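Engineer: There's a structure below that I have some questions on.
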Amino acid sequence: MRPEREPTVSNRRRISRGSAALNVYGASFLVFLYAPLVLIFVYSFNANPINMAIWSGFTLDWYRTLFGMQPAGAAFDAAFTENPDRIYQVVRNSLIVALSASAISTAIGTATALATARFQFFGKKLYQALLFLPMIMPDIVLGIALLIFFVGAGFKLSLLTIIIGHCTFLSCYVYVVVSARLASMDTALEKASADLGAGPFTTFRRITLPLIMPGVLGGFLLAFIISLDDVVITYFIAGVDTQTLPLFILAMLRRGIRPQINALAVLLIVFSFVVASAGLYFRSRRT
Amino acid sequence: MSGPRTIERERTRALALLLTPITLLLGIFFLIPLGITIVYSVLEPGLYGGVVWSFYPYNYGRLFGWPLGAGEEFEPLYIQILLNSLKYALLTVIVSLALCYPVAFWVSRMSGMAKNLMLFAITLPFFANLLIRIYAWLLLMRPTGTINSALMSLGVLDKPLNMMFTEFAVIVGLVYVLIPFMFLPIYASVERLDWSLVQASQDLGATPFQTFRRIILPLTAPGILGGCVIVFIPALGNFIVPSFLGGSKVQLIGNVIERQFLQARNWPFGSTLSTVIMGSVMLIVLLYALGMRGSSSRAARKRADSV
């Protein structure tokens, strides 16, 4: 689209030198983003149980022990292992929280996006401003506010309190994703449907919902992964017997660095990346 | 068939139905908890955790030196930690801005598919678990970690460089964790940049630096400002990064709040610190909103002048 000026010779040389430097810079930026994660991936296969920075052969032991399988390596120290039943339990907790919180938030966030995109009402600006606050408020402020509230209101800290806590910011997140979708959508079909005598509910079910579905699905998947990975808010509002996977990893890290953490981290990163990729794909898809 | 009046009534009902869930959710589980935090900040700490329901402004005295009473003393340490947290948040903003700004131009010059893939690649690490991203830097920077092992085996160092539990480690961690928030708004404004203006400036004989300062920088300023705000705010409250990479050397305000709630069990004082952060966030957001409004009306005036 942009009009290109015919570059003079000296200009052309300057531009190409500039873009070579920019390429190197951009590539190093990507290395900065990904090298730390690749490092964990490599370490997770390193048999050296003492110093991960020194390679002493390939092993799958760290993965095997996560699932309660016997390690194959001879020099395996049993003190390094976490109880697989415990891991299973925290993963289950995390999935329950992430699925419920993202499902509820998708419904609430989508409803809110429809209201602000398709209706004029008193206080709309205020609503739109309010919807940004839970996302921008530092996690610790929201976490302790919820802790004080739940304890004061007599809630027992449990999976339910975590789900409620996650819904407050995830709804706003889904709202933003679905709003973007609604804003880029052609309203002619909705108008036609209304002209033909369909009520708002029928129009929504038959026209609007199918058209915004990719945005809704994208919002759901991104909310799911944000909930699954949340550390700080969960940290304050989880009960003693309702640990989630990130809290389990936090406790593991506080006890010290062990090779098993690498294996667990790799599995979690892979899962997060797969779900987030799907979410980003749906969010950006055009109809 | 439904007449226009029934449709109007149905629309009102639909709107009420759509807005009720979010109103209840944010009203009960967001606004009320934040309100209670503010109330707690002026209550008296109970003997064993808990609170006493009487007006007690001295938590603020302990933090700011006024008002004092009921045995609370001014502890300048907290002001220092607060200022230190502001400094770390500011450094995080500066470093991530410097890292992201050129990359935004790099990506904006790519063509279709490559551009989308690159945007995806830069967004994706944000979805890796926060703890794991911090843990990776722990592996890299600790005395027996990757960087030290590599440098020592190459003979560059003869004893490990001490990177852990330093300012440097905390800034690196904060930048790494928050960088996608800086990149995306900057990229959005670089992508919208009108290159014909840059061209015109060069044609009129401006030096590259003049073009940058007078054209590129002002036009991308909204993205820069947006990125700075949404990096600064979470950096201000973060306590996970300093607790792993800063150890006991680097204490930020988030660490103090966490301790007030989970160890010292002085909830009112913790609430006071939290209220101060909340107030700073509201102030920053307000200034940002005013700034954006000001700049957009200034731009409109300029456009009107040039016609």
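Any read-out appearing in this document is the output of simple, stated calculations on the displayed coordinates, not a laboratory observation. Source: prediction; values computed, not measured. With ideal geometry, Cβ positions are generated from the backbone for all residues, glycine too; neighbour counts draw on all protein chains shown.
Engineer: Per residue of the stretch B:113-122, in order, report the coupling 6.51 cos²θ - 1.76 cosθ + 1.60 (Karplus, θ = phi - 60°) as ³J(HN,Hα) in whole Hz, putting x for Gly and Pro.
Structural biologist: Per residue, the Karplus-derived 3J(HN,Hα) values read 4, 4, 5, 4, 5, 5, 4, 4, 5, 7 Hz.
Engineer: State the percent of C-alpha pairs, over all pairs in the stretch B:3-122, separated by a distance greater than 16 angstrom.
Structural biologist: Every Cα pair in the stretch B:3-122 considered, those over 16 Å come to 80 percent.
Engineer: Would you mind computing Rg(Cα) / (2.2 N^0.38 Å) for the stretch A:160-214, counting N as its residues?
Structural biologist: 1.47
Engineer: So, with +1 on the Cβ of K and R and -1 on the Cβ of D and E, and no other charges, what is the size of the charge dipole of the stretch A:78-169 about its Cα centre, to the nearest 20 debye?
Structural biologist: Dipole about the Cα centre, nearest 20: 380 debye.
Engineer: Follow-up. Hey, fewest Cβ within 10 Å first, where do B:T123, B:T275 land in order?
Structural biologist: So the residues, fewest neighbours to most, are B:T123, B:T275.
Engineer: Let me ask something else about it. Report the local net charge at B:F244: Lys and Arg +1, Asp and Glu -1, summed over other residues whose C-beta lies under 11 Å from its C-beta.
Structural biologist: +3
Engineer: Given the rule -39500 (n - 2.57) for each run of at least 4 DSSP H residues, summed and divided by the residues of chain B, what is its mean residue ellipticity at 222 nm, to the nearest 500 deg cm²/dmol?
Structural biologist: Value at 222 nm, helices only: -23000 deg cm²/dmol.
Engineer: Ignoring solvent entirely, what values of log10 I(q)/I(0) come out of the Debye formula for chain A at 0.16 Å⁻¹ when each Cα is a single scatterer?
Structural biologist: -1.22
Engineer: Mind checking the mean number of beta-carbon atoms from other chains within 10 Å of the Cβ atoms in A:106-119?
Structural biologist: 4
Engineer: Enumerate the calculated ³J(HN,Hα) couplings along the stretch A:178-188 in order (Karplus 6.51 cos²θ - 1.76 cosθ + 1.60, θ = phi - 60°), each rounded to whole Hz, writing x wherever the residue is Gly or Pro.
Structural biologist: In residue order, the calculated couplings are 5, 4, 4, 4, 5, 5, 8, 8, 6, 8, 4 Hz.
Engineer: In addition: Mind putting a number on the dipole of the stretch B:76-265 about its Cα centre? Charges go on the C-beta only, +1 for Lys and Arg and -1 for Asp and Glu, and I need it in Debye to the nearest 20.
Structural biologist: Dipole magnitude for the stretch B:76-265 comes out near 260 debye.
Engineer: Could you work out, residue by residue across A:149-156, how many beta carbons of other chains sit within 10 Å of that residue's beta carbon, and then give the average as an integer?
Structural biologist: 3
Engineer: Sticking with this structure for a sec: Using the Cα centre as the reference, give the magnitude of the dipole from point charges on the C-beta atoms of the stretch A:84-284 (Lys, Arg: +1; Asp, Glu: -1; all else neutral), rounded to the nearest 20 debye.
Structural biologist: So the magnitude is around 20 debye.
Engineer: Can you put B:W137, B:W195, B:W53 in order, fewest other beta carbons within 10 Å first?
Structural biologist: Listed from fewest to most nearby Cβ atoms, that is B:W53, B:W195, B:W137.
Engineer: Related question: How large is ³J(HN,Hα), in whole Hz, for each residue of the stretch A:19-35 in order, when computed from phi with the Karplus curve 6.51 cos²θ - 1.76 cosθ + 1.60 and θ = phi - 60°, using x for Gly and Pro?
Structural biologist: Ordered by residue, 3J(HN,Hα) equals 6, 5, 4, 5, 4, 4, 4, x, 5, 5, 4, 5, 4, 4, 6, 9, 3 Hz.
Engineer: Please go through the stretch A:234-287 and write out the chymotrypsin sites (Phe, Trp or Tyr not before Pro) that DSSP classes as loop and that have at most 14 other C-beta atoms within 10 Å.
Structural biologist: Qualifying residues, ordered by number: none.
Engineer: If you average over every viewing direction, what projected area does the convex hull of the Cα atoms of the protein assembly as shown give, in nm²?
Structural biologist: Average projection, Cα convex hull of the protein assembly as shown: 34.5 nm².
Engineer: Work through the residues other than B:T272 whose Cβ is under 15 Å from its Cβ and net out their charges, Lys, Arg +1 and Asp, Glu -1.
Structural biologist: -2
Engineer: Another question, if that's okay. Taking neighbour counts of Cβ atoms within 10 Å as a proxy for exposure, in what order, fewest first, do A:R258, B:R133 appear?
Structural biologist: Ascending Cβ contact count within 10 Å gives the list A:R258, B:R133.
Engineer: In addition: What does the helix-only formula give at 222 nm for chain A: each DSSP H stretch with n ≥ 4 adding -39500 (n - 2.57), the total divided by the residues, and the result rounded to the nearest 500 deg cm²/dmol?
Structural biologist: Dividing the helical sum by the residues of chain A leaves -24000 deg cm²/dmol.
Engineer: Starting from the Kirkwood Rh over alpha-carbon pairs, what translational D in µm² s⁻¹ does the stretch A:168-287 have by Stokes-Einstein at 4 °C and 1.567 mPa s?
Structural biologist: Estimated diffusion coefficient is 76 µm²/s.
Engineer: How many percent of Cα pairs in the stretch B:162-284 exceed 18 Å?
Structural biologist: 65
Engineer: Using only the alpha carbon atoms of chain B, find the Kirkwood hydrodynamic radius as the inverse mean reciprocal pair distance, in angstroms to one decimal.
Structural biologist: Mean inverse Cα-Cα distance, inverted, gives 23.5 Å.
Engineer: Among B:L219, B:L25, B:M152, pick out the residue whose Cα is farthest towards the positive end of the charge dipole of chain B, where Lys and Arg carry +1 and Asp and Glu carry -1 on C-beta, about the Cα centre.
Structural biologist: So the residue furthest toward the plus end is B:L219.
Engineer: Now for a different question. Using modelled backbone amide H atoms (1.01 Å from N, in-plane), which distant-in-sequence or interchain residues come within less than 5 Å of B:G46's amide H?
Structural biologist: Residues meeting the amide H criterion: B:V51, B:V52.
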